[in-house]
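A.B. asks: Please find one structure pasted underneath; my questions will follow.
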Amino acid sequence: QQVQAQVRAAPLAGGALVLVLVDDRTESLRVEAVRRDFVANVSHELKTPVGALRLLAEAVSGASDDPEAVRRFAGRMQHEAERLSVLVQDIIDLSRLQGQDALDAPELVDLDHVVAEAVDRSRLIAGAKGIRLAHGGDQGVHVLGDEGLLVTALRNLVDNAVSYSPQHTQVTVGVRRTGDVVEVSVADQGIGIPERDLERIFERFYRVDPARSRMTGGTGLGLSIVKHVVANHGGELSVWSVEGAGSTFTLRLPVGSTHEAPDPLPDPLP
Ligand code: ADP
């Protein structure tokens, strides 16, 4: 269909238009390759918890005369089922986000609510590790967007900060407005990220240390979700990290007004 369009359009509009159509076809091939890759990755990731559940179910039926073993296997089944459910939710969120370039019905969102909610939801797991969760900075800043998606994005960053930090450290969420741009940063004193991995951590299912990510319940999709949410809000996402000392992830978003859609920031992350 694209080839036909190319032939038909060429005599009308000349070389430039043909070039656009060729580009378009290349883009659609690229999108198709990305989709195929995603399906392959998803299948691989789903196989791990599903395989574990199958083995555990077999173990339970084989241990019916040992109530203690049954209890142990059932506990592990619950853990795997929870992991599976987080993974499925992340896959649904990400495929929805990948399918849309912009938000359907952006509303004016108070960042104070977004920060409070994201921090609140991570408090329990931070508390269990004795990690202090602090937040502060400019108040009353609004952005035009989707509150649920912004909470999801920030929560992913706070959860990561907590997961990849040792006990009794601090995670700080800060909000700073400069003119028409607001920066929301999440800083930790954790393990940091090696320089060679910094660019790749935003890719789907990319983990610096897969065993550690799985142990902390990570799906490998969190930062990819954050990247898409920020892009849909016309913003930017950046990271600064020193191995062994900590990381800071920063969202830069256009400040919203009730009258206009946000202007995209220049050079969004690819
Ligand atoms: P995961 O579910 O594995 O945490 P993410 O997409 O959220 O997946 O993050 C990708 C990888 O980036 C993680 O596996 C981890 O190696 C690294 N990472 C993300 N956030 C941090 C952080 N705050 N400190 C250290 N490493 C991090």
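The values are calculated or read from the model by the stated rules, or taken from the named source; none is laboratory data. Remember, it's a predicted structure, so these values are computed and weren't measured experimentally. Neighbour counts are summed over all protein chains in view; Cβ atoms, including those assigned to glycine, are modelled from backbone coordinates with ideal geometry. Each accessible area value is taken on the protein alone, full model and side chains, heavy atoms only, with ligands, DNA and RNA left out. Shrake-Rupley method; radii C 1.70, N 1.55, O 1.52, S 1.80 Å.
A.B. asks: If a/c stays under 1.5 just call it rounded; otherwise compare a/b with b/c (prolate if a/b is bigger, oblate if not). Do that for the stretch 88-133, with a ≥ b ≥ c from the square roots of the Cα gyration tensor eigenvalues.
C.D. replies: oblate
A.B. asks: Treating the angle as unsigned and between 0 and 90°, give the value, to the nearest 10°, between the Cα long axis of helix 15-62 and the longest Cα principal axis of the chain.
C.D. replies: Once rounded, one gets 10 degrees.
A.B. asks: Collect residues whose amide H, placed 1.01 Å from N in the peptide plane, falls under 5 Å from the amide H of GLY190; neighbours closer than 5 in sequence don't count.
C.D. replies: GLY246, SER247
A.B. asks: Mind running the shape call on the stretch 118-270? Use the C-alpha gyration tensor, a ≥ b ≥ c as the square roots of the eigenvalues: rounded below 1.5 for a/c, prolate if a/b tops b/c, oblate otherwise.
C.D. replies: It comes out prolate by the Cα gyration axes.
A.B. asks: May I pose another question? Rounded to a whole number, what % of the accessible area of the chain do carbon and sulfur atoms account for, probe 1.4 Å?
C.D. replies: 54 percent
A.B. asks: Here's a follow-up. Mind giving me the nanometre distance, one decimal, between the label points for ASP66 and GLN139, set 7 Å out from Cα along Cα→Cβ?
C.D. replies: Those two pseudo-labels are separated by 5.8 nm.
A.B. asks: How much of the DSSP bridge set in the chain is antiparallel, in percent, rounded to the nearest 5?
C.D. replies: Taking every DSSP beta bridge with both residues in the chain, the antiparallel ones total about 80 percent.
A.B. asks: Accessible surface of SER64 in the full protein assembly, 1.4 angstrom probe, to the nearest 10 Å²?
C.D. replies: Here the residue's solvent-accessible area equals roughly 90 Å².
A.B. asks: Tell me, what does the Kirkwood hydrodynamic radius of the stretch 45-178 come to in angstroms if you use every pair of distinct C-alpha atoms?
C.D. replies: Taking the inverse mean of 1/r over all distinct Cα pairs, the stretch 45-178 comes out at 17.9 Å.
A.B. asks: Using 7 Å Cα-to-Cβ label points, what is the GLU147/ARG176 separation (nm, one decimal)?
C.D. replies: 2.7 nm
A.B. asks: Please work out how much accessible surface HIS44 shows to a 1.4 Å probe, ignoring ligands, DNA and RNA, in Å² rounded to 10.
C.D. replies: Estimated to the nearest 10 Å², HIS44 gives 110 Å².
A.B. asks: Against the longest principal axis of the chain, how steep is helix 147-163, in degrees 0 to 90 to the nearest 10, with axes from Cα atoms?
C.D. replies: Result, in degrees: 50.
A.B. asks: Here's something else I'd like to know. Taking 0.36 nm per intervening residue step and subtracting the Cα-Cα distance, what contour gain separates LEU108 from LEU198 on full extension?
C.D. replies: Full extension from LEU108 to LEU198 adds 29.2 nm.
A.B. asks: Which of GLY192, GLY217, GLY179 moves most in a GNM of the chain, Cα contacts under 10 Å?
C.D. replies: Top of the fluctuation ranking is GLY179.
A.B. asks: For labels at ARG54 and ARG121 in the simple 7 Å Cα→Cβ model, what's the distance in nm?
C.D. replies: 3.3 nm
A.B. asks: Please list 3J(HN,Hα) in residue order for the stretch 83-99, calculated via the Karplus relation 6.51 cos²θ - 1.76 cosθ + 1.60 where θ = phi - 60°; whole Hz, with x for glycine and proline.
C.D. replies: 4, 4, 5, 5, 4, 4, 4, 4, 5, 5, 4, 5, 5, 5, 5, 5, x
A.B. asks: With the Cα gyration tensor of the chain giving a ≥ b ≥ c as the square roots of its eigenvalues, does the rule (a/c under 1.5 for rounded; else a/b larger than b/c for prolate; else oblate) give rounded, prolate or oblate?
C.D. replies: oblate
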